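Some notes on the structure that comes next.
Here, each number is a calculation from the coordinates, and none is a lab measurement. Just so it is clear, the structure is predicted and the values come from calculations on it, not from any experiment. Cβ placement follows ideal geometry from the backbone for every residue including glycine, while neighbour counts extend to all protein chains displayed.
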Amino acid sequence: MSDLNPVIANVTERVIERSRASRQAYLDLMDREADRGPDRRQVSCSNLAHAFAGAVEDQEALKAARGPNIGIVSSYNDMLSAHQPYGRYPDRMKIYAREVGATAQVAGGTPAMCDGVTQGEDGMELSLFSRDVIALSTGVALSHAMYDGVACLGICDKIVPGLVMGALRFGHLPAIFVPSGPMPSGVANKEKQRVRQLYAEGKVGREELLASEMGSYHSPGTCTFYGTANSNQMMMEMMGLHIPGAAFVQPGTKLRQALDRKAVHRLAELSGTREKTLARCVDEKAIVNAAIGLLATGGSTNHAIHIPAMARAAGIIFDWDDLSELSSAVPLIARVYPNGPGDVNHFQDAGGMGYVIGSLLEEGLCHRDVATVSDGDLSDYALEPGLGEDDTLLWREVGESGDSDMLRPAGAPFQPDGGMRLVTGNLGRGCFKASAVEKERWTVEAPCRVFQSQADVVDAFKAGELEKDVVVVVRFQGPRANGMPELHKLTPILGVLQDRGYRVALVTDGRMSGASGKVPAAIHVTPEALGGGPLSKLQDGDVVRLCAETGVLSTDADLGVREAVPDPEPAAGVGRELFAMLRIGADSAEKGGSAMLASAGL
């Protein structure tokens, strides 16, 4: 066992000092909330009757206040494969609660977008702000003051961060996040990528492309590549908000059911205590652990936005300088697609989160002494769950990595630093996911082509205008411009150009997320182009330099003498006009891109 790495210790102390006033204000609020409720003996009989009326089987227990009442906040829908299993969860969870003298009620639901369904479509412009809506929906669900603990049912991209942000405002209660697990592996991700590039080149048709995609996304459960959804589950383990080892156990298995049952039983145990409430679990060390897990496993770049936003909801200030400095000390110890050939099921089979956390703890690369929803500290998460006799739930040592091409010890990693780098310069600040890009491509310097939509880039590609060394700039894609959509339509065509031997890079104030692939990219660039950010002054032919090695994002053009191009008019349709207030009020990507947090003064 090693002492805590000094870089991690320094970053953590800096976050604590920076957050001292805001964190104390948050904890004071949570203490006041704990002091004044929930005490249903003080609630009017009419209010209670309304709350109990639908709970037919539990009315007597609720009326007599025989035990804790658990509020379930569910993001169930059956369009989103990862959330389809949640349809049956409430009935099961009510049974599990009764087993330990508790009750459970569905407190409310939240929306749950699938970024895979809206990818490249206008609806993607609602995606980032759906996180604020989810947080607000969670707040509405828990506002009834009927609950002694919270079970959060959510997995995918904006949904878990939104649940965290909303639940943290009720952080005087214990909360456990309950995943449903990944779908079984289908068509290999490399094969899926190959067919996508063939389609982009016009060498296969829609029938072949659809067959490949349906072979990849084929059943209930989380998509198996290591994108934002699965990075969410990793972070919940690193923060101690899951039952240990719950992240990547497939739906419909006995082990999955045993973990879900344990989550309900554990919430009943924690109800009424103050040591392991959500507010106490999500502290500065837990936030740093989430970032460490992201870096060590090469997780989704979306979390460069989500981690600061979740932190702010707990009164903690965390920025990209913190993330970049942690990256210098945290080694990359996992290669899960798109960073490697195997998917999250292979990752789980090789040792999964138990191996990752155990190895990081052994090398002093994360905080052990954090409050978790388990009996102990983060050491509990260095084990893997299993079933013993009579299908009883137990935890065991993970042992060595089951696949050294997938998981390596922190003392002998794939690379000595993490998968995320901060790039800065006269074009702003952005994120570069180095773990997905071959090192010889970390530096690109070339004339740029400037676009204002994905569709324009696709048209230029089809016209042969990008057959050269080029930095593709896609601007007016930030939070205030259009909600900061992901730009994955660009991945196949830029990959084709790169495979043809050209030096290619992407620079954008939009997002690429956890599916970011082999093309070097500076994403989330802030300040965004809207309102006169540096990207709004670039012109075709300006030489742009992007270098992950030195952390540079710059141009040799003299932007100081140029006028910004006019801001585009906001688009309407697919409900985008309803989100105008959130776009106008959003803060920068580095602060989390949230209108809700900005308007609340957090």
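Pop the C-beta distance of Glu57 and Val543 into the FRET formula with R0 = 60 Å and round what comes out to the nearest 0.05. Once rounded, the FRET efficiency stands at 0.30. Sorted fewest first by neighbouring Cβ atoms within 10 angstrom, Phe225, Phe432 come out as Phe225, Phe432.
Residues whose amide H falls under 5 Å from that of His488, counting only those 5 or more places apart or on a different chain, are Gly120, with hydrogens built in the peptide plane. With only Cα atoms counted, the stretch 438-568 has Rg and Dmax values of 13.6, 37 Å. The label point for Arg18 and the one for Ser328, both projected 7 Å from the Cα toward the Cβ, are 1.4 nm apart.
Residues whose amide H comes within less than 5 Å of that of Arg429, counting only those at least five positions distant or on another chain, are Thr526 (H built at 1.01 Å from N in the peptide plane). By other beta-carbon atoms within 10 Å, ranking Met581, Met353 with the fewest at the front produces Met581, Met353.
Each pair of Cα atoms in the chain enters the Kirkwood radius, and Stokes-Einstein at 4 °C and 1.567 mPa s then converts it into a translational diffusion coefficient of 53 µm²/s.
Packing around the peptides 395-405, 229-239, 583-593, taken as the average count of other Cβ atoms within 10 Å per residue, puts them in this order, highest first: 229-239, 583-593, 395-405.
For the stretch 512-589, applying the loop criterion from DSSP together with a ceiling of 16 other beta carbons within 10 Å to the GluC sites (Glu not before Pro) yields Glu549, Glu563. Extension gain for Arg562 to Val117 (0.36 nm times residue separation, less C-alpha to C-alpha distance): 156.3 nm. Charging the Cβ of each Asp and Glu at -1 and of each Lys and Arg at +1, and nothing else, the dipole of the chain about its Cα centre rounds to 780 debye. Computed packing ranks the peptides 251-259, 63-71, 501-509 as 501-509, 63-71, 251-259, most packed first, by mean other Cβ atoms within 10 Å.
Each residue of the stretch 477-494 was assigned a 3J(HN,Hα) from its phi angle through the Karplus expression (A = 6.51, B = -1.76, C = 1.60, θ = phi - 60°), giving 10, x, x, 7, 6, 8, x, 6, x, 6, 10, 6, 4, 7, 4, x, 6, 5 Hz with x at Gly and Pro. Taking 0.36 nm per residue of separation and subtracting the current Cα-Cα distance, fully stretching the chain between Ala65 and Arg500 would add 149.7 nm. If R₀ is 41 angstrom, what is the calculated FRET efficiency for the pair Ser2 and Ser46, using the beta carbon separation as r and rounding to 0.05? E(calc), rounded to 0.05, equals 0.10.
For Thr222, nonlocal amide neighbours, meaning residues 5 or more places apart or on other chains whose placed amide H falls under 5 Å from its own, are Gly181, Met183. Using only Cα atoms, tell me the angle between helix 159-168 and the longest principal axis of the chain; keep it within 0 to 90° and round to the nearest 10. Computed tilt is about 50 degrees. If the chain linking Glu207 and Asp456 were pulled fully straight, counting 0.36 nm for each residue of separation and taking away their Cα-Cα distance, it would gain 87.2 nm. Equivalent-ellipsoid semi-axes for the stretch 260-322 (Cα gyration tensor, √(5λ), whole Å, largest first): 26, 15, 9. For the stretch 412-509, applying the loop criterion from DSSP together with a ceiling of 15 other beta carbons within 10 Å to the GluC sites (Glu not before Pro) yields Glu438, Glu465, Glu467.
Modelled spin labels at Asp28 and Ala571, positioned 7 Å past Cα toward Cβ, are 4.5 nm from each other. In terms of its alpha-carbon gyration tensor, the stretch 1-160 comes out oblate; a/c meets the 1.5 threshold, while b/c is at least as large as a/b.
Ordering Leu326, Asn5, Leu163 by Cα displacement along the dipole of the chain toward the positive end leaves Leu163 in first place; charges were set at the Cβ atoms of Lys, Arg (+1) and Asp, Glu (-1). For the stretch 6-85, rounded, prolate or oblate, judged on the Cα gyration tensor with a ≥ b ≥ c (square roots of eigenvalues), a/c < 1.5 rounded, else prolate if a/b > b/c? It is oblate, given that a/c is not under 1.5 and a/b is not larger than b/c. Rounded to the nearest 10 degrees, the inclination of helix 284-297 to the longest alpha-carbon principal axis of the chain is 50 degrees. Each Lys or Arg adds one and each Asp or Glu subtracts one; over the other residues with Cβ under 15 Å from the Cβ of Leu466, this totals -2. Ranking Val178, Gly573, Val423 by how far each Cα lies toward the positive end of the dipole of the chain (charges on Cβ) leaves Gly573 at the top.
Per-residue Karplus couplings for the stretch 578-590, computed as 6.51 cos²θ - 1.76 cosθ + 1.60 with θ equal to phi - 60°, are listed in order as 5, 9, 4, 4, 5, 5, 4, x, 5, 9, 6, 4, 5 Hz, Gly and Pro entered as x.
Which residue, chosen from Ile584, Leu535, Leu559, occupies the Cα position most advanced towards the positive end of the dipole of the stretch 509-598, where the dipole is computed from +1 (Lys, Arg) and -1 (Asp, Glu) charges on Cβ about the Cα centre? Final value for the positive-end residue is Ile584.
Among Thr297, Thr103, Thr550, the order by Cβ neighbours within 10 angstrom, fewest to most, reads Thr550, Thr103, Thr297. With respect to the chain, whose longest principal axis is taken over its alpha-carbon atoms, helix 206-216 is tilted by about 40°. Charged neighbours of Ala102, selected by a Cβ distance under 9 Å, balance to 0 (K, R count +1; D, E count -1). Here the label points at Thr273 and Asp369, each 7 Å from Cα along the C-beta direction, are separated by 1.9 nm in the simple model.
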